[in-house]
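Peer 1: Structure below; questions to follow.
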Amino acid sequence: MMSMAFVTGPYSFYTAWLLLAVAEIGLTPGVLLFLRYWMPQNHRARYSAMFSYAMPPV
């Protein structure tokens, strides 16, 4: 996100936006995988729902 400070035009904006999207694309599957392996089964649904509700609507 800090790279967006160096945007000077439309091409640099789209490049920075694309790089940010590529960097963040694995966040949701990674967090859900983390919750699967590190949370007890009886708490897993609750924490997965909390993570899902924390995401802003698109």
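Peer 1: With outside any helix (DSSP H, G or I) and either within 11 Å of the chain's Cα centre (by Cα) or of a type in the set (Val, Ile, Thr) (or both) as the only criterion, which of Pro56, Pro29 stands out? Lay out the reasoning, then the answer.
Peer 2: Working: Pro29 fails: outside any helix (DSSP H, G or I).
Of the residues listed, the single one that is outside any helix (DSSP H, G or I) and either within 11 Å of the chain's Cα centre (by Cα) or of a type in the set (Val, Ile, Thr) (or both) is Pro56.
Peer 1: Enumerate the pairs (first residue in the stretch 24-41 and over 26 Å from Ser3 (Cβ atoms) and free of Cβ contacts under 8 Å to residues at least 60 places away in the same chain; second residue anywhere and of a type in the set (Gly, Ala, Ser) and not in a loop (DSSP other than H, G, I, E, B)) with beta-carbon separation below 6 Å, excluding pairs fewer than 6 apart on the same chain, so at least 6 apart or on different chains.
Peer 2: Leu35/Ser48
Peer 1: Checking Thr8 against (1) at pLDDT below 85; (2) not aromatic (Phe, Trp, Tyr); (3) not in a helix (DSSP H, G or I), which test does it fail?
Peer 2: (1)
Peer 1: In the stretch 11-29, how many are surrounded by fewer than 11 Cβ atoms within 10 Å (Cβ to Cβ) and either at pLDDT 90 or above or in contact with a Cys (Cβ under 7 Å, 6 or more places away or on another chain) (or both)?
Peer 2: 2
Peer 1: Filter the stretch 42-58 down to residues that are free of Cβ contacts under 8 Å to residues at least 12 places away in the same chain, surrounded by 10 or more Cβ atoms within 10 Å (Cβ to Cβ) and of a type in the set (A, V, I, L, M, F, W, C), then give me how many there are.
Peer 2: 3
The values are calculated or read from the model by the stated rules, or taken from the named source; none is laboratory data. These figures come from a predicted structure and were not determined experimentally. For neighbour counting, all protein chains shown are included, and Cβ atoms are generated from backbone atoms with ideal geometry for every residue, glycine included.
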